[in-house]
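Single-structure report; data block below.
The values are calculated or read from the model by the stated rules, or taken from the named source; none is laboratory data. Quick caveat: nothing in here was measured; it's all calculated off a predicted structure. Every residue, glycine among them, receives a Cβ derived from its backbone with ideal geometry; neighbour counts consider all protein chains shown.
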Amino acid sequence: MSEKKVVVIGGGVAGLEAASSIAAFGVEVALIEKDDHLGGHVDQWDRLFPSRRPAKEITGYLIERLNEKVTVLTGTEIQKIERFGKNWKLTLNDSQTLIADALLLATGFDLFEARKKEEYGYGIYDNVITSADLEKKFSLDGKIRNAQGKVPERVGFVHCVGSRDEKVGNLYCSRVCCVTAVKQAVEVSEMIPGCEVFCFYMDLRMFGLDFEALYKESQEKWGVHFIRGRLSEAFENQDGSVLVKVEDTLAGRPLKMKVDLLILMSGMVTSSGTKKLMDLLQLETDENSFLQPSDRQLQANETGIPGLFLAGTCTSPKSIDETIADSRAAALRIMEYMNSVGSQQSAVSSQLLKTNDNK
Amino acid sequence: MPHFGYTISTDRQIDYDSNDKRVAKYLAEHEPSFMICISCGTCTATCSAGVFTTFSLREHIGNIKRGEIRNIKAEAEKCMLCGKCQLACPRGVNTRNVILNIQRAFEALGL
């Protein structure tokens with residue numbers, strides 16, 4: 001019997017789904033994660049758009065689906081990747097080596113470093129936080145206070161922070177921030193009755209089936225206000241509140257207002273883990289620094305390098321459902337690839353696996 | 001008084017904190033669909049009054065929400081209540097009742 005092995009790099013949603021999909025075919029999978037926990041960014045999130053289900057439902061389900069064919073290696077980094085015949089040889093940080101028939105990169109995204117938009121004052125003003133910081137507050141105890149310990153009377157959400165912005169080198173839309181802002185606006189309104197909530201946006205990109213309904217609910221049920229205009233700057237008042245300046249582009253006039261808490265919707269950028277693998281494998285990136293698949297429509301999981309595949313947000317910003325669909329597609333492509341490679345290679349990899357397991 | 005040729009420009013900035021949001025509050029309470037406007041402009045595009053006057057429901061709803069209500073009372077009187085906007089609105093805003101309630105808000109608030 002041929003023992004084929006796939007190495008999946010990244011233990012977030014993409015890696016988890018791909019690992020369980022490949023293992024379901026009876027193929028051995030090593031799932032490598034640099035952190036000491038699985039679940040990636042989603043594991044750090046409280047609730048998800050649009051249904052506001054707990055994020056743990058997603059990660060819990062995906063982890064549960066990993067069968068005995070999957071070996072999980074957390075707290076593990078890759079030192080070296082070499083070609084080994086038609087296979088891959090990976091050297092890990094504990095000097096262990098793995099031989100794989102196919103390699104899947106599922107190294108995800110990093111959140112845009114909001115400090116780079118200095119005019120918004122993140123890291124300078126105490127009451128300017130990111131969407132991820134707010135999500136941590138939700139998870140912690142759901143008690144929203146500003147830095148002065150005050151229950152906010154007015155909260156502002158700034159869309160497109162680090163997205164659609166040539167000044168930070170990111171020309172693309174990060175896809176998930178618009179609906180996340182609306183979700184968080186609803187949650188803040190629910191947690192703090194009477195709190196005025198404002199979203200400052202350029203376009204509202206409610207592309208998902210239920211997103212528009214959530215947007216409408218935010219207006220109808222919670223009275224969330226939407227002001228079309230990109231924030232130009234934020235200032236700190238003496239009491240720690242934040243004065244924001246924006247053009248209300250529908251009124252055609254500049255507008256200023258005070259908020260007690262300003263939330264920056266940080267977008268997605270290529271992760272440091274992806275960059276490291278780009279160096280190790282000398283891969284090409286697109287103009288936005290994401291990994292470049294062979295063809296974004298027809299070969300979105302292929303790289304042009306035999307046995308090397310891509311899944312999830314390492315190639316572009318994606319929502320969770322898009323990531324899961326993408327990962328399943330990658331798993332299928334990997335299975336097709338391994339079936340097409342002759343049985344000789346399988347015999348070799350089987351032997352090597354045995355030596356590796358004996359270590 | 002001698003005229004030196006100088007003028008003082010008025011501040012065009014919308015000062016949300018000091019603006020009067022009472023009309024917006026009245027409308028949100030009396031015609032809640034006021035809150036679900038997405039500023040698409042379909043109402044204004046179809047408006048017969050808007051062809052000949054400065055009446056723009058889209059613009060006025062936005063201004064009321066920001067507390068910019070200086071000319072709103074006079075503007076609301078330009079509407080003929082024909083209801084075309086209500087047929088066209090993709091969000092189902094009860095536009096005629098919004099306009100009627102703008103007039104009522106000004107009366108009720110003594111503005």
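Give me the residue from segment B:45-63 that is away from chain A (no Cβ under 11 Å) and β-branched (Val, Ile, Thr) and, out of that set, surrounded by the most Cβ atoms within 10 Å (Cβ to Cβ). Going through the qualifying residues, I end up with B:Thr46. In the set (1) under 13 Å from the mean Cα position of the chain (by Cα); (2) without any contact (Cβ under 8 Å) to a residue 60 or more places away in the chain, B:Ala105 fails one condition alone, (2). Among the residues of segment A:101-147, the ones that are within 20 Å of the chain's Cα centre (by Cα), in a helix (DSSP H, G or I) and of a type in the set (Asp, Glu) come to 2 in all. The number of residues in segment A:114-128 that are surrounded by fewer than 18 Cβ atoms within 10 Å (Cβ to Cβ) and touching an Asp or Glu at 6+ places or on another chain (Cβ under 7 Å) comes to 1. Restrict the check to segment A:93-106 and report whether at least one residue is touching a residue at least 12 places away in the same chain (Cβ under 8 Å) and touching an Asp or Glu at 6+ places or on another chain (Cβ under 8 Å). Within segment A:93-106, one or more residues are touching a residue at least 12 places away in the same chain (Cβ under 8 Å) and touching an Asp or Glu at 6+ places or on another chain (Cβ under 8 Å). Using the structure shown, decide if B:Lys21 is out of contact with any Gly (no Cβ under 8 Å at 6 or more places or on another chain) and within 11 Å of chain A (Cβ to nearest Cβ). No.
Within segment A:232-242, being away from chain B (no Cβ under 14 Å) and among the charged types (D, E, K, R) holds for one residue alone: A:Glu236. Applying the criterion of being closer than 19 Å to A:Val186 by Cα and aliphatic (A, V, I, L, M) to the residues of segment A:129-152, the residue that is surrounded by the fewest Cβ atoms within 10 Å (Cβ to Cβ) is A:Leu140. Regarding B:His30, is this residue modelled with pLDDT of 95 or more and within 13 Å of chain A (Cβ to nearest Cβ)? So B:His30 fails the test.
Taken over segment A:77-102, the criterion of being under 20 Å from A:Ile22 (Cβ atoms) and of a type in the set (D, E, K, R) is satisfied by A:Lys86, A:Lys89, A:Asp101. Just so you know, in segment A:243-288 the residues that are touching a helix residue (DSSP H, G or I) at 6+ places or on another chain (Cβ under 6 Å) and among the hydroxyl-bearing types (Ser, Thr, Tyr) include one that is farthest from the other protein chains (Cβ to nearest Cβ), and it is A:Thr274. Out of A:Lys80, A:Lys86, one residue alone is out of contact with any Cys (no Cβ under 9 Å at 6 or more places or on another chain) and exposed (fewer than 14 other Cβ atoms within 10 Å of the Cβ). It is A:Lys80. Take the residues of segment A:258-299 that are β-branched (Val, Ile, Thr) and in a strand (DSSP E or B): which is farthest from A:Lys137 (Cα to Cα)? Step by step, filter segment A:258-299, then rank; the result is A:Thr285. Please work out if A:Lys150 is assigned by TED's automatic domain parsing to the domain that holds A:Gly223, basic (Lys, Arg), under 25 Å from A:Gly240 (Cβ atoms) and assigned to a loop (DSSP other than H, G, I, E, B). In short, yes. Filtering segment A:251-284 to residues that are more than 21 Å from A:Val176 (Cβ to Cβ) and β-branched (Val, Ile, Thr) leaves only A:Val259.
Every residue, every condition in (1) of a type in the set (A, V, I, L, M, F, W, C); (2) surrounded by fewer than 22 Cβ atoms within 10 Å (Cβ to Cβ); (3) free of Cβ contacts under 8 Å to residues at least 60 places away in the same chain, yes or no:
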position: A:Gly15; (1), (2), (3): no, no, no
position: A:Ser20; (1), (2), (3): no, no, yes
position: A:Val29; (1), (2), (3): yes, no, yes
position: A:Val42; (1), (2), (3): yes, yes, no
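Looking at segment B:68-82, is at least one residue within 14 Å of chain A (Cβ to nearest Cβ), in contact with a Leu (Cβ under 8 Å, 6 or more places away or on another chain) and surrounded by 13 or more Cβ atoms within 10 Å (Cβ to Cβ)? Looking for residues that are within 14 Å of chain A (Cβ to nearest Cβ), in contact with a Leu (Cβ under 8 Å, 6 or more places away or on another chain) and surrounded by 13 or more Cβ atoms within 10 Å (Cβ to Cβ), one finds at least one in segment B:68-82, hence yes. Only one entry of A:Val188, A:Val155, A:Val179 meets the criterion of being part of a strand (DSSP E or B), modelled with pLDDT of 95 or more and surrounded by 20 or more Cβ atoms within 10 Å (Cβ to Cβ), and that entry is A:Val155.
Under the condition of being part of a loop (DSSP other than H, G, I, E, B) and within 20 Å of B:Lys25 (Cβ to Cβ), which residue from segment A:200-224 is nearest to the other protein chains (Cβ to nearest Cβ)? For segment A:200-224, the residue satisfying everything is A:Gly223.
If you go through segment A:188-199 and keep only what is farther than 17 Å from B:Cys40 by Cβ and within 13 Å of chain B (Cβ to nearest Cβ), you end up with A:Ser189, A:Gly194, A:Glu196, A:Val197, A:Phe198.
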